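Engineer: Starting off with a structure, shown below.
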Amino acid sequence: MEFTSPVPELVEGLAKGLAREHLLDWGGTALRVQGVDVIAPPNFASGKAVMRTSTPVVMKGSGHNEHGERTTRQAWVLPTEPEFPAYFEGNLRRKAQTIGVDPDVSVQAITWVGPKRSFAVSQGHKPGAAIEAEIHGAPETLQCIWSWGLGQANSAGFGWVIA
């Protein structure tokens, strides 16, 4: 099981807490703790990263129709749709601003898109697809994004970066 955060102090605190446990009750499933390792993100010294997700990336678009009228607040867009790149890049910049790192992040290319997947969550279904994207930015920012995940709803397990 893996937990990540762009805030190292949170990961360290979680690791210390888990290291003291022998058994976790995870929604009724008993998990035996055999070891805890803190893994640092790649250094991304070149300012370039290629990140691939193992879980779908979900992203909301504008919800506007061709006349500029908002028709829905649940306007989920897939990586192959025209609105996706701009909203995806904006999401990465907001994440960087939230934790106080350089928000000058750009998505150079989405190099792979997996099949569409839809998952039921407390607010209904969220559609998305796993992706691989080439992202440019400050090394510290890329490390935070790698730890946080791509797209929205990362705390629900979406956009988990595996490579």
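The values are calculated or read from the model by the stated rules, or taken from the named source; none is laboratory data. Computed from a prediction, not measured in an experiment: that's the story for all the values here. Don't worry about glycine lacking a Cβ; one is built from the backbone with ideal geometry, like all the others, and counts go over all protein chains shown. Heavy atoms of the whole protein, side chains included, go into the accessibility calculation; ligands, DNA and RNA do not. Shrake-Rupley method; radii C 1.70, N 1.55, O 1.52, S 1.80 Å.
Engineer: Compactness ratio of the chain: Cα Rg over 2.2 N^0.38 Å, N = residue count?
Structural biologist: The reported ratio for this selection is 1.13.
Engineer: Mean separation of Cα pairs under 8 Å and 6+ residues apart, divided by the residue count of the stretch 51-163: what relative contact order is that in percent? Can you show the working numbers first?
Structural biologist: Values: 231 pairs, mean separation 42.5, N = 113.
So the answer I get is 38 percent.
Engineer: Leaving out ligands, DNA and RNA, and with a 1.4 Å probe, what % of the accessible surface on the stretch 63-119 is carbon or sulfur?
Structural biologist: After summing per-atom areas, the C and S share lands at 48 percent.
Engineer: What distance in nm lies between label points placed 7 Å from Cα along the C-beta direction at W112 and T80?
Structural biologist: According to this spin-label approximation, the distance is 1.7 nm.
Engineer: Quick one: net charge of A15's neighbours, Cβ under 14 Å, K/R +1, D/E -1?
Structural biologist: -3
Engineer: Moving to a separate point now. Just add up the charged neighbours of A86: K/R +1, D/E -1, any other residue whose Cβ is under 14 Å from the Cβ of A86.
Structural biologist: 0
Engineer: Now, a different point. Let me check I've understood the local charge: for V33, count other residues with C-beta under 10 angstrom from its C-beta, Lys and Arg +1, Asp and Glu -1. What total comes out?
Structural biologist: Value of the local net charge: +1.
Engineer: Could you check how much of the accessible area of the stretch 1-42 is carbon and sulfur, as a whole percent, using a 1.4 Å probe?
Structural biologist: 55 percent
Engineer: Could you state the accessible area per residue of the stretch 10-141 in Å², with a 1.4 Å probe and every protein chain left in place?
Structural biologist: About 62 Å² of surface per residue is accessible.
Engineer: Related question: Once you place label points 7 Å from the Cα toward the Cβ at R73 and S5, how far apart are they in nm?
Structural biologist: Result: 2.9 nm between the two label points.
Engineer: Kindly flag which residue pairs out of K48/K95; K48/K116; K95/K116; K60/K95 have an alpha-carbon separation exceeding 21 Å in this structure.
Structural biologist: Cα-Cα > 21 Å for K48/K116; K95/K116; rest within.
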